[in-house]
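Asks: Quick one: structure below, then a few questions.
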């Protein structure tokens, strides 16, 4: 038989142990002083999509060929694409369309990553930039092609493992295409 | 001075009956902090006792089922995250299970293990935060909830490194999972699972036997087993009433037949039992996690027949259900062979568990209503859909 109040005292002892423990144990204090302190970003972390480009020129190097699959598959329909009439050679030298307009309304986007999964050209990837607050919804949260385009090096930096795998696959395809083109010329 | 010098103006209630001047009608919610979201209760009080209670919901209605019928099968997957936003991975699993039945897909063994591991981690963090919220509702302001959220944080970190998001995971795919476990994830998960019992011990030392907790919860909101079965109550709430019904044992969906674990059963069906069943369930989940993290095989994580684009299951219908942390979560789908489902219906556990709220609360005090509602474990994203 316990004395009355025994349960409460036992609980208070537990609280005291946690309070003292939070000064010494990392397990008991998981918070950090953001924004001075920051936790490292995880490899898989995702926020909003961006467009990858290769080389120096962002417009020429854009991998997107305006096939509009992501626009069709996007569940909240936050992507708008208008096809350009001009064609440009892609990474294997084949002539492809390019987007005249590529807008993502990130105030609608729900960061589901489906556009990334369905893209057959590895042109759209997930960014992990999250400090995006702005005062104007249309000026700052409706991203156009220029704001969305980011170099492949940036992608390699934020998702190193995933980017290495994508680059490897694209290089193999490129080598195959070149071998084919070389064989065709002979 | 006599107490009845003024005349009571006769009022007429919504249903036409005259309101007794002695009774007080209050509208609790939708912004009340104890209602776990935007939920309202129309209470009629006789003194401090509840004479009538009408749950009013729909403030968070988002057309989930209609959206499901107008987007592709894959497009509904991220929306299921937003049903019960505490347990996005179990929602994903239930939906994936329904579509797999429809399309005849089979997840590979490794994917099944990953599903069990993520679902049990989800159960841990759901029950831990539920226990915290319940005590918060009871007036234990902050402390238990902070401890529960501290542990939940560690599990959410695991989810983030696996799926890329802490809450809106969108991880399961029809016939498997989206991506494989990152290197070192199993070790990390083992670390979390090994340290979790220490938290549970502390949590129980903090609360079990606490006189205030006992007097606030024991004998409050009793749900008889027969009523629970008739009303279609599922999950920990049903088991707290003493009915041994757990879909992990009954259906043995996925690979749950491979793990040895017990199903905790309550005896009295009161708030205390509902709290205790959840605490004990966490211990059983840890057992499953131990076994699953030990046995997980290597191999593919996606059925080779699975298609991401142009997915059109043949005409038919399917119902996929799992034991989500809150009860039986089911998805009913009818396919007409097009890329969108013809009918998309969710059987949300917390919505159906909420239907008995009046029966639980009648005769109790207003302060107990808050505790009883907390013990039902609702998430309004799922109730209103």
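Asks: Name, by its number, the condition in (1) within 11 Å of chain A (Cβ to nearest Cβ); (2) at pLDDT below 90; (3) assigned to a helix (DSSP H, G or I) that does not hold for residue B:169.
Replies: Only one criterion in (1) within 11 Å of chain A (Cβ to nearest Cβ); (2) at pLDDT below 90; (3) assigned to a helix (DSSP H, G or I) is unmet by residue B:169, namely (3).
Asks: How many residues does the range B:105-126 contain that are surrounded by fewer than 23 Cβ atoms within 10 Å (Cβ to Cβ) and either within 16 Å of residue B:350 (Cα to Cα) or without any contact (Cβ under 8 Å) to a residue 40 or more places away in the chain (or both)?
Replies: Counting residues in the range B:105-126 that are surrounded by fewer than 23 Cβ atoms within 10 Å (Cβ to Cβ) and either within 16 Å of residue B:350 (Cα to Cα) or without any contact (Cβ under 8 Å) to a residue 40 or more places away in the chain (or both) gives 0.
Asks: Quick check on my filter: what residues within the range A:67-77 are touching a strand residue (DSSP E or B) at 6+ places or on another chain (Cβ under 8 Å) and either buried (at least 20 other Cβ atoms within 10 Å of the Cβ) or not in a loop (DSSP other than H, G, I, E, B) (or both)?
Replies: The answer is A:70, A:71.
Asks: Can I ask one more? Just a yes or no: is a residue in the range B:76-84 modelled with pLDDT of 85 or more, buried (at least 22 other Cβ atoms within 10 Å of the Cβ) and closer than 18 Å to residue B:373 by Cα?
Replies: Yes: the range B:76-84 contains one or more residues that are modelled with pLDDT of 85 or more, buried (at least 22 other Cβ atoms within 10 Å of the Cβ) and closer than 18 Å to residue B:373 by Cα.
Asks: Can you name every residue in the range B:176-198 that is more than 24 Å from the chain's Cα centre (by Cα), outside any helix (DSSP H, G or I) and more than 10 Å from chain A (Cβ to nearest Cβ)?
Replies: B:180, B:181, B:184
Asks: Could you figure out which of (1) away from chain B (no Cβ under 14 Å); (2) in contact with a helix residue (DSSP H, G or I) (Cβ under 9 Å, 6 or more places away or on another chain); (3) under 25 Å from residue B:167 (Cα atoms) isn't true of residue A:33?
Replies: Unmet condition: (2).
Asks: So is residue A:64 in contact (Cβ under 8 Å) with a residue 60 or more places away in the chain and either surrounded by 14 or more Cβ atoms within 10 Å (Cβ to Cβ) or over 18 Å from the mean Cα position of the chain (by Cα) (or both) or not?
Replies: yes
Asks: I would also like to ask the following. Could you figure out which of (1) more than 27 Å from residue A:137 (Cβ to Cβ); (2) surrounded by 15 or more Cβ atoms within 10 Å (Cβ to Cβ); (3) at pLDDT below 85 isn't true of residue A:117?
Replies: (3)
Asks: Shifting gears a bit: Could you look through the range A:132-161, keep only residues that are in a helix (DSSP H, G or I) and in contact with a strand residue (DSSP E or B) (Cβ under 6 Å, 6 or more places away or on another chain), and pick out the one that is surrounded by the most Cβ atoms within 10 Å (Cβ to Cβ)?
Replies: Ranking the candidates gives A:148 first.
Asks: Of the conditions (1) surrounded by fewer than 14 Cβ atoms within 10 Å (Cβ to Cβ); (2) in contact (Cβ under 8 Å) with a residue 60 or more places away in the chain, residue A:38 fails just one. Which one is it?
Replies: Failed condition: (2).
Asks: If you don't mind, there's one more thing I want to ask. Please specify each residue of the range B:347-385 satisfying the condition of being in a strand (DSSP E or B) and touching a strand residue (DSSP E or B) at 6+ places or on another chain (Cβ under 6 Å).
Replies: Across the range B:347-385, the qualifying residue is only B:347.
Asks: Here is a further query. Take residue B:246 and decide whether it is touching a strand residue (DSSP E or B) at 6+ places or on another chain (Cβ under 7 Å), at pLDDT 85 or above and farther than 14 Å from residue B:274 by Cβ.
Replies: When the stated conditions are applied, residue B:246 passes them.
Asks: Report whether or not residue A:167 is under 23 Å from residue A:44 (Cβ atoms) and surrounded by 15 or more Cβ atoms within 10 Å (Cβ to Cβ).
Replies: Yes: the conditions hold for residue A:167.
Asks: Based on this model, can you work out whether residue B:150 counts as buried (at least 23 other Cβ atoms within 10 Å of the Cβ), within 11 Å of chain A (Cβ to nearest Cβ) and in contact with a helix residue (DSSP H, G or I) (Cβ under 8 Å, 6 or more places away or on another chain)?
Replies: Criteria not met by residue B:150.
Asks: A further question follows. Here is a list of conditions, (1) more than 11 Å from chain B (Cβ to nearest Cβ); (2) under 15 Å from the mean Cα position of the chain (by Cα); (3) assigned to a loop (DSSP other than H, G, I, E, B), and residue A:47 meets all of them except one; can you say which number that is?
Replies: (1)
Asks: Would you be able to tell me the number of residues in the range A:94-120 that are outside any loop (DSSP other than H, G, I, E, B) and away from chain B (no Cβ under 14 Å)?
Replies: 11
Asks: Can I ask one more? In the range B:120-143, is there at least one residue being closer than 16 Å to residue B:279 by Cβ and touching a strand residue (DSSP E or B) at 6+ places or on another chain (Cβ under 9 Å)?
Replies: Looking through the range B:120-143, at least one residue is closer than 16 Å to residue B:279 by Cβ and touching a strand residue (DSSP E or B) at 6+ places or on another chain (Cβ under 9 Å).
Asks: Would you be able to tell me the number of residues in the range B:199-238 that are away from every other protein chain (no Cβ under 14 Å) and either in a loop (DSSP other than H, G, I, E, B) or touching a residue at least 40 places away in the same chain (Cβ under 8 Å) (or both)?
Replies: Of the residues in the range B:199-238, 17 are away from every other protein chain (no Cβ under 14 Å) and either in a loop (DSSP other than H, G, I, E, B) or touching a residue at least 40 places away in the same chain (Cβ under 8 Å) (or both).
Asks: Here is a check on your reading of the model: is residue B:162 crowded, with 20+ Cβ neighbours inside 10 Å and either within 14 Å of chain A (Cβ to nearest Cβ) or at pLDDT below 85 (or both)?
Replies: So residue B:162 passes the test.
Asks: Taking the condition of being away from chain A (no Cβ under 14 Å), in a helix (DSSP H, G or I) and more than 21 Å from residue B:286 (Cβ to Cβ), how many residues in the range B:72-127 meet it?
Replies: So the answer is 12.
The values are calculated or read from the model by the stated rules, or taken from the named source; none is laboratory data. The shown structure was predicted, so the numbers you read here are calculated from the model rather than taken from an experiment. All Cβ positions, glycine included, derive from the backbone under ideal geometry; neighbour counts span all protein chains shown.
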